[in-house]
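Structure record follows, encoded as structure tokens.
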Amino acid sequence: HSAISEEFKKLGLIPPEHFTFKSADGQYDLDAILYKPAHFKKSEKYPLLLSIYGGPGAKMVFNRFLLNDGNQTLAQLGFIVVAIDHRGASRRGKAFQNLMYLNLGEIELQDHVAIVKSLASRPYVDTKRVGIFGHSYGGYLTCMAMLKAPDVFHVGVAGAPVTDWRNYDTIYTERYMRRPQDNPEGYEKGSCLTYAKDLKGRLFIHHGAVDDNVHPGNSIQLLEALLKANKAFDFMFYPEQQHGIGFTRYPDSRVEYFIQHLKPIVK
């Protein structure tokens, strides 16, 4: 019931599109929301950006109108931007959320691969130019996407990623993964370090130097694994920054990175 001003109408923004798609296992209808640039033309091909968080209980799709939606802003630069509610999201019951138990980084990544494959049927979506970004758990899932599905995701920007669940707070991790000795396979499969050798695309990692939530050692461990595998990547360290990075260079460099490597249609 928002009151839309004449000034806002003149922007010519296209309302985001809500739709559903099948989960990777074909068992569930999942929600997605997609943003198009105001200069959108069906005859053009646009790079795809996935805006993510991930994790148990996470939810990205709401029946809500936001004037300052960051995804709408990114779309105006010439991207198709999409966000989804993967298996394990909240508000669909405990059994649905329990699907993520003991396997963080598994099924939500599969569902993000599934949305890319689903959008490949739309002629204006270029699935050869796919970017992904997120912070914290979203940074973790960005790294996992770039490392574990390198043929699907080509450019990733990860902020403050957990790179191995053995590094993170027990009050969160053991709630979903139990202890490492109880679930060694889950911890191994859910670690970015396991797949460092498989990086193909462009990965840009950002971390606050005094982050006391996701310790900087997470990123340092991944950097070491990537270097040992002789992989090229980009990294930015932010002095005196905690889990929330306050420098505008962080969001600015993310946008610049996607423009440089995905080459969106700019009007």
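Things worth noting here:
- A single entry from Ile4, Ile14 fulfils the requirement of being at pLDDT below 95 and surrounded by fewer than 12 Cβ atoms within 10 Å (Cβ to Cβ): Ile4.
- Residue among Ala83, Ala58, Ala75, Ala24 that alone is open to solvent by less than 10 Å² (accessible area, probe 1.4 Å) and within 28 Å of Asp164 (Cα to Cα): Ala83
- Tally of residues being among the small types (Gly, Ala, Ser) and in contact with a helix residue (DSSP H, G or I) (Cβ under 8 Å, 6 or more places away or on another chain) across the range 228-267: 1
- Test: residue in the range 85-98 that is part of a loop (DSSP other than H, G, I, E, B), free of Cβ contacts under 8 Å to residues at least 60 places away in the same chain and among the basic types (Lys, Arg): yes
- Each residue in the range 187-210 was checked for being within 20 Å of the chain's Cα centre (by Cα) and over 18 Å from Lys148 (Cα atoms), and 3 of them qualify.
- The C-beta contact set for the range 1-25 (first residue more than 22 Å from Asp85 (Cβ to Cβ), second residue aromatic (Phe, Trp, Tyr) and open to solvent by 70 Å² or more (accessible area, probe 1.4 Å), distance under 8 angstrom, 6+ apart or interchain) comprises Ser2/Phe65.
- Cβ-Cβ under 6 Å pairs, at least 6 apart or on other chains, the range 48-76 side at positive phi, far side in a loop (DSSP other than H, G, I, E, B) and open to solvent by 10 Å² or more (accessible area, probe 1.4 Å): Gly57/Ser90
- Screening the range 168-267 for helices (runs of 4 or more DSSP H) wholly inside it with 3 or more residues that are on the phi < 0 side of the Ramachandran plot, at pLDDT 95 or above and open to solvent by less than 50 Å² (accessible area, probe 1.4 Å) returns the ranges 170-177, 217-228, 249-262.
The values are calculated or read from the model by the stated rules, or taken from the named source; none is laboratory data. Keep in mind the model is a prediction, meaning the values are calculated, not measured. All Cβ positions, even for glycine, are placed from backbone atoms using ideal geometry, and neighbour counts span all protein chains on display. Heads up: the accessible areas ignore ligands, DNA and RNA and are worked out on the full protein's heavy atoms, side chains in. Shrake-Rupley method; radii C 1.70, N 1.55, O 1.52, S 1.80 Å.
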